[in-house]
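The values are calculated or read from the model by the stated rules, or taken from the named source; none is laboratory data. Small disclaimer: the values here were computed from a predicted structure and weren't measured. Don't worry about glycine lacking a Cβ; one is built from the backbone with ideal geometry, like all the others, and counts go over all protein chains shown.
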Amino acid sequence: MSQAEPPSPESILTGRWVALIRGKIIAQGTSREQVIMIARNIRNKEEAEIRYIPELPVSIPLLEKIREIISADQPVYLVGGAVRDAVLGQSSHDLDFACKNGIQLARKVANELSAAFFILDESFDTARVIFQPEGEERTILDFAGFRGPSLNEDLAGRDFTINAVAMDIKTGEIIDPLDGIRDIRARRIKACSQDSILADPIRILRAVRLAAGLGFSIEPETRKLMKNSVSFLGNISAERLRDEIFKILEGPKPDVSMRALEILGTFNIILPELVDLKNITQSAPHVHDVWEHTASTLKHLEAILNALAPKYDEKTANSDLMNGLLVLRLGRYREQLGEYIARQATVDRSHRATLFFAALYHDILKPQTRTVEENGRVRFLGHDQQGAIIAAQRAKELRLSNHEIDTIKQIIQYHMRIHGYANRQKEGKPISPRAIYRFFRDNGETGLDLILLALADVRGTWEQTLNPDYWTAVLDVCRTLLEAWFEKPDKFVRPPMLVNGNDIMEALSLNPGPEIGKILEGIREFQVAGAIKTREGALVFARGWLSGHREPEKIQKIQRIK
């Protein structure tokens, strides 16, 4: 049996300073000053090279470029998430730097990299650089001036010990005054001090997000600090609350995070409409009350997006029968759906987060619209239409963009439509070409969100009681809609115009007005249905429209005239 190779001297000395002469280590210690002193005592006539043996394998190619840009005497430290991720063996595209003159350095780096530059907070000397070479992933670099007279005081003032670890980007030396690396390896979130949460209550949401995203636990004392500081969330700006909420919705396990926030009692302040969803019972096939159903919908939406992601784990995607059927029926559209969901709604927020917010609020008005019929059936008539208004108002108060607000409102307003199609599909009545056309006429590409939400809504409604036949009906409807949007848009979504408004006005001697638009819309519907195929047929339909012939049975006469 061959013996294992002995470890190299450098591997033994990781995390320590060494002095080298002609490539040989002559001294080692815990600080640069200590090693210089030892080296001078040993070889006082020779100049030693002083080097730090990095403890962490932080491999970020962009750091090499930044090292070249900064001056030799300027202290710059990589802090927070990127260092934490390195300990976990993960890469990062969000780099935070602590330095002197943060805005000035950020501007210099942006100029050298030909990257975008933004001042985030002039009073805190903080700026952002966004670097995205063509065809590569975007990297965000935030530069901030020291939050105190020294790096150690800067780190002590941060949120959690796992983010209070720094690395000198020139030497690779790790500065860890609060034992953050120990907490990272223990997968534990711990506040930097007793005042950490109260100093900035938004850290309550951040702790929940980090716990879900990293799979960490929050240590009991920190949980206590979080709960005691909830009332101070009311002092946080809407913009900062929005940013943390949407990072939670965009990240892994949003349902777990929302449950944690509910248990902590934050909803009264950050998302007050959600409070009333608890204990609102529903009739079968629902197996949960409205709040549990909402959380379950978030869970299933994440699982569905993962199963239909361009890069997916086949074993996970087929983890249960229903997911297996989902992949079998809709898997062919994973590339298109993945591209759609990955879009940026704004510079800082993805479309994925917009969809999850709509899912969180899709049944928001069920408590106010709940009625019980004589037979005991519970109904929520109008909860979709009215709920859309309430959700849009909350989105507005969170300072979302007009596009995000409109999208959220649209998703919630029409989220019941696919359920109706599925019920008819199960009865042997497939969705008609006219219904397909109307669906995308009313919703455009937001129809894709409605499809994804409907799938999650069904899973969250039935859970383990879901009948495979009904699930198949839902999948058939969704597949038909996806096929129309991605593969047959000219036939079902945007049919070529046979006539325009001028043609109608000239042929029928009409003046401009809303009636022209109604006639054109009627022509498109019957064109999609295959009942109108020519310009002449369209004009005959227009004449019939003015005579009151607007029903499907009149089409037979139109076809004969064609």
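If the condition is being closer than 26 Å to Asp406 by Cα and not in a helix (DSSP H, G or I), then the range 441-484 contributes Gly444, Glu445.
Would you be able to say whether some residue in the range 348-367 is free of Cβ contacts under 8 Å to residues at least 60 places away in the same chain, over 25 Å from Pro254 (Cβ atoms) and either within 12 Å of the chain's Cα centre (by Cα) or not in a helix (DSSP H, G or I) (or both)? Among the residues of the range 348-367, not one is free of Cβ contacts under 8 Å to residues at least 60 places away in the same chain, over 25 Å from Pro254 (Cβ atoms) and either within 12 Å of the chain's Cα centre (by Cα) or not in a helix (DSSP H, G or I) (or both), which makes the answer no.
Taking the condition surrounded by 15 or more Cβ atoms within 10 Å (Cβ to Cβ), modelled with pLDDT of 90 or more and either at positive phi or not assigned by TED's automatic domain parsing to the domain that holds Gly89 (or both), does Asp125 pass? Here the answer is yes, as Asp125 does meet what is asked.
Tally up the residues in the range 424-440 that are touching a residue at least 40 places away in the same chain (Cβ under 8 Å) and either among the hydrophobic types (A, V, I, L, M, F, W, C) or in a helix (DSSP H, G or I) (or both), please.
Of all residues in the range 424-440, those touching a residue at least 40 places away in the same chain (Cβ under 8 Å) come to 425-426, 430-434, 436-440.
From what is left, the residues that are either among the hydrophobic types (A, V, I, L, M, F, W, C) or in a helix (DSSP H, G or I) (or both) are 425-426, 431, 433-434, 436-440.
Qualifying residue count, the range 424-440: 10.
Of the listed requirements (1) crowded, with 16+ Cβ neighbours inside 10 Å; (2) over 28 Å from the mean Cα position of the chain (by Cα); (3) of a type outside the set (Phe, Trp, Tyr); (4) not in a helix (DSSP H, G or I), Arg494 misses just one: (1). Among the conditions (1) crowded, with 20+ Cβ neighbours inside 10 Å; (2) more than 22 Å from Lys253 (Cα to Cα), the only one that Asn163 does not satisfy is (2). Among all positions in the range 30-38, there is at least one residue which is in a loop (DSSP other than H, G, I, E, B), surrounded by fewer than 16 Cβ atoms within 10 Å (Cβ to Cβ) and either at pLDDT 80 or above or not assigned by TED's automatic domain parsing to the domain that holds Ile174 (or both). Does Ile175 satisfy the condition of being surrounded by fewer than 20 Cβ atoms within 10 Å (Cβ to Cβ), touching a residue at least 60 places away in the same chain (Cβ under 8 Å) and not acidic (Asp, Glu)? Judged against the criteria, Ile175 is a match.
When Pro468 is tested against (1) more than 27 Å from Pro272 (Cβ to Cβ); (2) without any contact (Cβ under 8 Å) to a residue 60 or more places away in the chain, just one condition goes unmet, and that condition is (2).
Residue count for the range 140-163 satisfying the condition of being modelled with pLDDT of 90 or more, within 18 Å of Val76 (Cβ to Cβ) and out of contact with any Cys (no Cβ under 9 Å at 6 or more places or on another chain): 7.
Residues to consider are Pro6, Pro75, Pro61, Pro57; find the one that is surrounded by fewer than 16 Cβ atoms within 10 Å (Cβ to Cβ) and modelled with pLDDT of 85 or more.
Values: Pro6 fails: modelled with pLDDT of 85 or more; Pro61 fails: modelled with pLDDT of 85 or more; Pro57 fails: modelled with pLDDT of 85 or more.
One residue alone meets the criteria, Pro75.
Take the range 368-392 and flag every residue that is assigned to a helix (DSSP H, G or I) and more than 23 Å from Ile248 (Cβ to Cβ).
Filtering the range 368-392 for residues assigned to a helix (DSSP H, G or I) gives 368-369, 383-392.
Residues satisfying the conditions are Gln368, Thr369, His383, Asp384, Gln385, Gln386, Ile389.
Can you say whether Glu445 is farther than 21 Å from His300 by Cβ, acidic (Asp, Glu) and touching a residue at least 60 places away in the same chain (Cβ under 8 Å), as far as the supplied structure shows? Give the steps one after another, and end with the answer.
Working: farther than 21 Å from His300 by Cβ: yes; acidic (Asp, Glu): yes; touching a residue at least 60 places away in the same chain (Cβ under 8 Å): yes.
So Glu445 passes the test.
The set of residues in the range 339-381 that are charged (D, E, K, R), crowded, with 18+ Cβ neighbours inside 10 Å and more than 16 Å from Leu271 (Cβ to Cβ) comprises Arg349, Arg352. The helices (runs of 4 or more DSSP H) falling completely within the range 225-334 that include 1 or more residues that are touching a residue at least 24 places away in the same chain (Cβ under 8 Å) and among the hydroxyl-bearing types (Ser, Thr, Tyr) map to 254-264, 290-307. Candidates Ser231, Ser196: the one that is buried (at least 20 other Cβ atoms within 10 Å of the Cβ) and not aliphatic (A, V, I, L, M) is Ser196.
Which of the residues spanning the range 397-423 are aromatic (Phe, Trp, Tyr) and either in a helix (DSSP H, G or I) or farther than 28 Å from Ala345 by Cβ (or both)?
Restricting attention to the range 397-423, the residues satisfying the condition of being aromatic (Phe, Trp, Tyr) are 414, 421.
Hit for the range 397-423 is Tyr421, nothing else.
With the checklist (1) part of a helix (DSSP H, G or I); (2) more than 22 Å from the chain's Cα centre (by Cα); (3) more than 24 Å from Arg394 (Cα to Cα) in hand, flag the one item Leu210 doesn't pass. Leu210 satisfies all of (1) part of a helix (DSSP H, G or I); (2) more than 22 Å from the chain's Cα centre (by Cα); (3) more than 24 Å from Arg394 (Cα to Cα) except (2).
Residues checked against (1) surrounded by 22 or more Cβ atoms within 10 Å (Cβ to Cβ); (2) touching a Phe, Trp or Tyr at 6+ places or on another chain (Cβ under 6 Å); (3) aromatic (Phe, Trp, Tyr); (4) under 29 Å from Gly331 (Cα atoms):
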{"site": "His383", "(1), (2), (3), (4)": "yes, no, no, no"}
{"site": "Ala392", "(1), (2), (3), (4)": "no, no, no, no"}
{"site": "Lys396", "(1), (2), (3), (4)": "no, no, no, no"}
{"site": "Gln410", "(1), (2), (3), (4)": "no, no, no, yes"}
{"site": "Gly420", "(1), (2), (3), (4)": "no, no, no, yes"}
{"site": "Phe439", "(1), (2), (3), (4)": "yes, no, yes, yes"}
{"site": "Gly444", "(1), (2), (3), (4)": "no, no, no, yes"}
{"site": "Asp449", "(1), (2), (3), (4)": "yes, no, no, yes"}
{"site": "Trp462", "(1), (2), (3), (4)": "no, no, yes, yes"}
